[in-house]
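Colleague: Structure provided below as C-alpha cells; questions to follow.
The values are calculated or read from the model by the stated rules, or taken from the named source; none is laboratory data. This is a predicted model, so every value here is computed, not measured. Here Cβ is always computed from backbone atoms with ideal geometry, including for glycine, and neighbour counts include all displayed protein chains.
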Amino acid sequence: MIFSPSGNPFLRLGIYPFENLFIVELLEALRQQNPFAQKRVYDQFVGRMFRVCRRYVRNDEEARDLLMTGFVKFFQRIQTIEWRQEQALEPYLRKLMVNECLQHLRGQKISYVAVDELSEHQQPFQPPDDHWSSEEVYRLILELPDGYRTVFNLYAIEGYTHREIAEQLQISENTSKSQLHKARQLLQEKLRKRGYDYGKSHG
C-alpha cells in the first residue's frame, strides 16, 4: 500500500518519525510498507526523479505518470531487493525511472535516422560556462527532437555506451552515434542563438 497523507494524522501535521533513520533502518521500514518511510523517500526524491522522467518525454503529464508508476514499482519491489549498508537509494531509483521511460518510449513511434558517415574528429559537446545555469541547459535538452534527446540523455547523462543504447532502443550502434552527433550539433546551434559563442570558447 502506498502512503496516504490525508489518512494519517501525523503526516497531516508534518511529523515524520523516520526523518533521521539510517539507510538500513529506512529500508526495513519500507519493506514493512510503512507510510512514514514511503513519504520520506517520496518527498526526498520526487523533484529529482521528475526531472529525470521529463528529459525523456514530451510533456509534464507524461513525466508525472511515469514518475508515479516508477515509485509504485519501487515500493512494490523493495521486498526483493538486496541492499548493502552503504548503498544509496537514488542511483537505484534513477535507474528504475530511466527504465520506465525507455519502456514507454518503445511503444512510441520515434524516428531514429542514421547518417551514412560520421567524422572521427567531430567536436564533442561541451557544457556552457558557469554563467549558464543548469536549468537553462535542462530546458535546451527538452527542446531536442525525441530521438536526439533520448540518445543524448542515455549517452551524455546516464553514461550508457552506444552498444547499450542500441540494445535498449532496438537500433544499430551507428544510428545511436548519428543521433548523438545530431543532438550535439543542435545543442551547439541553440547555444549560439542564445549568445553563447561556442566556437570561440571551445574552438
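Colleague: Mind checking which pairs have a first residue in segment 168-181 that is over 10 Å from residue 112 (Cα atoms) and a second that is surrounded by 20 or more Cβ atoms within 10 Å (Cβ to Cβ) and hydroxyl-bearing (Ser, Thr, Tyr), Cβ under 6 Å, 6 or more apart or different chains?
Modeller: Qualifying pairs under 6 Å: 180/155.
Colleague: For residue 97, state whether it is among the hydrophobic types (A, V, I, L, M, F, W, C), surrounded by fewer than 19 Cβ atoms within 10 Å (Cβ to Cβ) and modelled with pLDDT of 85 or more.
Modeller: In short, no.
Colleague: Next question, about the same structure. Out of segment 152-162, which residues are part of a helix (DSSP H, G or I) and without any contact (Cβ under 8 Å) to a residue 60 or more places away in the chain?
Modeller: Those that are part of a helix (DSSP H, G or I) and without any contact (Cβ under 8 Å) to a residue 60 or more places away in the chain: 152, 154, 155, 156, 162.
Colleague: Right, next: Going by the structure shown, is residue 54 among the basic types (Lys, Arg) and crowded, with 20+ Cβ neighbours inside 10 Å?
Modeller: So residue 54 passes the test.
For every residue, the table says whether it meets (1) surrounded by 20 or more Cβ atoms within 10 Å (Cβ to Cβ); (2) outside any helix (DSSP H, G or I).
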residue: 140; (1), (2): no, no
residue: 144; (1), (2): yes, yes
residue: 150; (1), (2): yes, no
residue: 164; (1), (2): no, no
residue: 171; (1), (2): yes, yes
residue: 180; (1), (2): yes, no
residue: 183; (1), (2): yes, no
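Colleague: Also, quick follow-up: Can you find, within segment 185-198, the residue that is nearest to residue 110 (Cα to Cα) among those that are without any contact (Cβ under 8 Å) to a residue 24 or more places away in the chain and in a helix (DSSP H, G or I)?
Modeller: Here the residue is 185.
Colleague: Would you pick out the residues in segment 57-112 that are touching a residue at least 40 places away in the same chain (Cβ under 8 Å), in contact with a helix residue (DSSP H, G or I) (Cβ under 6 Å, 6 or more places away or on another chain) and not in a helix (DSSP H, G or I)?
Modeller: Result: 57, 83, 85, 110, 112.
Colleague: Next question. For residue 116, which of the numbered conditions (1) modelled with pLDDT of 75 or more; (2) not assigned by TED's automatic domain parsing to the domain that holds residue 25 fails to hold?
Modeller: Only one criterion is unmet by residue 116, namely (1).
Colleague: I want to confirm something. Restricting to segment 69-82 and keeping residues that are surrounded by 15 or more Cβ atoms within 10 Å (Cβ to Cβ) and not β-branched (Val, Ile, Thr), which single residue is farthest from residue 144 (Cα to Cα)?
Modeller: Filtering segment 69-82 for residues that are surrounded by 15 or more Cβ atoms within 10 Å (Cβ to Cβ) and not β-branched (Val, Ile, Thr), the one farthest from residue 144 (Cα to Cα) comes out as 75.
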